[in-house]
Amino acid sequence: MGTGPLAGTRVIEMQGIGPAPFCGMMLSDMGAEVIRVDRAGNVRDHDVDVPPIDVLARGRSSIGLDLKNPDGAEALLRLVEHADALIEGFRPGVMERLGIGPEECLARNRGLVYGRMTGWGQEGPYHLGAGHDINYIALAGALEPIGRAGEPPIAPLNLVGDFGGGGMLLAFGVACGLFEAQRSGEGQVIDAAMVDGAATLMAMFHSMRALGVWNDERGTNLLDTGSHFYDVYQCADGNYISVGSIEPQFYAELVRLTGLDDDAEFAKQNSRSSWPHLKDRIAEVFRAKTRDEWCEIMDATDVCFAPVLTLEEAPQHPHNVHRNTFCEVAGVTQPSPSPRFGRTVESVQGPPAHPGQHTDDVLAIAGYDADDIVKLRDTGAVA
C-alpha cells in the first residue's frame, strides 16, 4: 500500500509503451494502487523472485486478460466499478471496439476518470495515423528550434513528446480529474495528446518570439546554444561541462573564473553579433582544463555551472547521493519518485510485475470467487 498523496486511489492501466506507462509510474510513485491490464497472450511462466527490468513498470500489480473475449471485457468492467481512474494509450476507437470505451466504463462507474493518451488526439485530420515522439513534437513546433546554427534539428531523445508533453501531462490531467470528481461526484474523459502537450511546453518561446527577442533561425538565440554563456563545452579530457550564466551577476562570475574579466570583448555580454566569436574563444579556455579541474573551480559558485554526467555517473554525484535522487530497486539503479512531499511520503511501491502475476488477487477485487476464476480460465478470458 502506497503512502504518498494518492494513497487510497485505485487506477487501472491498460498495457502500453512509453507515455502511458510513464503516467502509471508517476501515479504509483505518489501512492496510487495501479493495476496493469496485460494481454493474456503475454502471460508466461515466470520466477516471481526475478522481476522484469522495466523501470517504467515499477510499483504495479498485473492481471492478464483477453479483452477480445466477452468474459475478459466483462472482468475489466467489473474492475472499473472498484476503480477511481483508468488510463489507456491506444489509437482512437480501439477501446470502443473492445466494448470498454468511456461510455461503457462510465455507465459502470459514474465517478471514473478516464484518461486517454495519444499522439495526435482523439480527433483531427491526423488522429487515426501512426506516429512517434519525433513526429508529434515536429507538428507542435517544438522540434524545429532545437539544434545548432546551420545544422538540422536534433531530436531531444523522446523526452518532449512521450514523457514531458505526454505521460506527465496525462498524470497531471488524471490528478486534476480526481480532484474535480471528489467535488462533483462525476467522472470525465481526459484527452491528452502529445502534440498538445509538446505545444504547451513551448509557451515561453511563443512569448519571446512575440516580444521580438527570439529569432526563427535555429541556434542563434539565448537558450538554444546561440550565446557563449549558455552552452556546453568540451574539456581537456573529452568530457563536457554546462554553463548557464544568463543574469549579469552570474555572467560576471563566469568571466572572472575563466580569467576573461579583463578582456574588453567579453564586457558586452548581450552583443549578439559577437556571440559566435566569443563562443570560440571561451571554448578554447575550457579545453585547457579537465572537467574535474573546472568542477574544482566552479562548483558551489554562482556561475550556474554543472558537469555533464553520463547515466552511470549521475547517481554517484554527491549532490544526487545527498538527496537520494536515485534509488535501487531489484538491483536496477533508477530515478527516485519526485516531487517530494513533507508529510505524505512518496516511494517506489515495488519492482515491476510479470504479466499476469497478480491475476487472481485482482479478480478478487472485482468480486470474483475461486470458482469464477476457474471458469474464466477455462474460457480463456484470463491467463
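The values are calculated or read from the model by the stated rules, or taken from the named source; none is laboratory data. Since we're looking at a predicted model, the values are computed, not measured. Cβ placement follows ideal geometry from the backbone for every residue including glycine, while neighbour counts extend to all protein chains displayed.
Considering only residues that are of a type outside the set (Lys, Arg), surrounded by fewer than 16 Cβ atoms within 10 Å (Cβ to Cβ) and over 30 Å from LEU77 (Cβ atoms), which ones fall in the stretch 331-363?
Across the stretch 331-363, the qualifying residues are GLY331, VAL332, THR333, PRO335, SER338, PRO339, PHE341, GLY342, THR344, VAL345.
If the requirement is being touching a Ser or Thr at 6+ places or on another chain (Cβ under 9 Å) and either surrounded by fewer than 16 Cβ atoms within 10 Å (Cβ to Cβ) or not in a loop (DSSP other than H, G, I, E, B) (or both), which of these qualifies: ALA171, ALA192?
Selected residue: ALA192, the only one of ALA171, ALA192 that is touching a Ser or Thr at 6+ places or on another chain (Cβ under 9 Å) and either surrounded by fewer than 16 Cβ atoms within 10 Å (Cβ to Cβ) or not in a loop (DSSP other than H, G, I, E, B) (or both).
All but one of (1) within 29 Å of the chain's Cα centre (by Cα); (2) within 23 Å of VAL34 (Cα to Cα); (3) in contact (Cβ under 8 Å) with a residue 12 or more places away in the chain hold for ALA306, so report the exception by its number.
(2)
Quick one: in the stretch 146-168, of everything that is outside any helix (DSSP H, G or I) and under 21 Å from the mean Cα position of the chain (by Cα), which residue is farthest from ASP224 (Cα to Cα)?
Here the answer is ASN158.
Just to verify a result, which residue in the stretch 219-270, among those that are charged (D, E, K, R) and buried (at least 18 other Cβ atoms within 10 Å of the Cβ), is nearest to LEU311 (Cα to Cα)?
ASP231
Quick check on the stretch 282-300. Is at least one of its residues part of a strand (DSSP E or B) and either free of Cβ contacts under 8 Å to residues at least 60 places away in the same chain or of a type in the set (Ser, Thr, Tyr) (or both)?
No, there is no match, as no residue in the stretch 282-300 is part of a strand (DSSP E or B) and either free of Cβ contacts under 8 Å to residues at least 60 places away in the same chain or of a type in the set (Ser, Thr, Tyr) (or both).
So in the stretch 17-47, with the set limited to residues that are within 22 Å of LEU169 (Cβ to Cβ) and at pLDDT below 95, which one is surrounded by the most Cβ atoms within 10 Å (Cβ to Cβ)?
GLY18
Would you mention how many residues in the stretch 1-25 are of a type in the set (A, V, I, L, M), part of a helix (DSSP H, G or I) and under 20 Å from ASP196 (Cα atoms)?
1
Residues are listed down the side, and each one gets a yes or a no for (1) more than 27 Å from THR200 (Cα to Cα); (2) crowded, with 17+ Cβ neighbours inside 10 Å; (3) of a type outside the set (Phe, Trp, Tyr):
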{"position": "ARG58", "(1), (2), (3)": "yes, yes, yes"}
{"position": "VAL80", "(1), (2), (3)": "yes, yes, yes"}
{"position": "GLU88", "(1), (2), (3)": "no, yes, yes"}
{"position": "GLY93", "(1), (2), (3)": "no, no, yes"}
{"position": "GLY99", "(1), (2), (3)": "yes, no, yes"}
{"position": "GLU104", "(1), (2), (3)": "yes, no, yes"}
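Which residues, taken from the stretch 332-348, are part of a loop (DSSP other than H, G, I, E, B) and of a type outside the set (Ser, Thr, Tyr)?
Hits for the stretch 332-348 are PRO337, PRO339, ARG340, PHE341, GLY342, ARG343, VAL345, GLU346, VAL348.
Here is a list: GLY124, GLY119. Which entry is buried (at least 23 other Cβ atoms within 10 Å of the Cβ), more than 30 Å from LEU376 (Cβ to Cβ) and at pLDDT 95 or above?
Only one candidate passes the filter, namely GLY119.
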